[in-house]
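**Q** Before we start, here is the structure in question, set down as structure tokens.
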Amino acid sequence: MKLRLPWRKDVYMGTDLDGNLYFERLVDTYRSRRHVIYRKDLALSEYSDKVIPIQWQAWMRHTRHRIPTLADLNQDIQRQEQIADNVQKLAAKEARLPISSEDTTKHSQTRQLQFQKSTPGESFQPENWAPAATPTASGNKTGSTKRRHDSP
């Protein structure tokens, strides 16, 4: 709901569930200025992004073009309540699962064995290592040290 008042340069764009008022001022044809008037007087240190809903934050930053409605805000609150309920259910479910100390020690011993088996370079013996024959820059695949200008 836009409301343009003749004595104000700002256009009233809407309100949130806390009663904060949101305004927009057209200063340029490219981009407008958006601001909020908080319902509560807070201390300067208490003002933050968390005071206003995320939908209005997105609108204020020009990442959301459509103005959030009260239905959008109510739907988000229901979603947050559902997530909190799901977290409580998962915590209760995890609390009911019995975890014995034998299970955890067997699991840690298995992990240690897997780590010991997969440690690279453990079986490396420097005295047994022999480099493979590699082709040289001159195309000589035998690896001899003859030079082109040496006589045969």
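Read-outs throughout are calculated quantities, based only on the coordinates presented, and are distinct from any laboratory measurement. The structure presented is a predicted model; accordingly, all values stated were derived computationally and were not measured. Here Cβ is always computed from backbone atoms with ideal geometry, including for glycine, and neighbour counts include all displayed protein chains.
**Q** To the nearest µm²/s, what D does Stokes-Einstein give for the range 14-85 at 4 °C and 1.567 mPa s, using the Kirkwood radius over alpha carbon pairs as Rh?
**A** After rounding, the answer is 96 µm²/s.
**Q** How long is the gain from Glu81 to Gln125 if the chain were fully straight, where each residue apart is worth 0.36 nm and the alpha carbon distance is subtracted?
**A** 9.7 nm
**Q** Return the FRET efficiency for the residue pair Ala91, Leu17: r is the Cβ-Cβ distance, R0 is 22 Å, and the value is rounded to the nearest 0.05.
**A** Taking R0 as 22 Å, the efficiency between Ala91 and Leu17 is 0.20.
**Q** In addition: Which trypsin sites (Lys or Arg not before Pro) does the range 15-69 hold that lie in a coil by DSSP with at most 13 other beta carbons within 10 Å?
**A** Qualifying residues, ordered by number: Arg31, Arg39, Lys40, Arg61, Arg66.
**Q** What distance in nm separates the simple spin-label points at Ser32 and Asp49, each placed 7 Å from Cα in the Cβ direction?
**A** Spacing of the two 7 Å Cα→Cβ label points: 2.2 nm.
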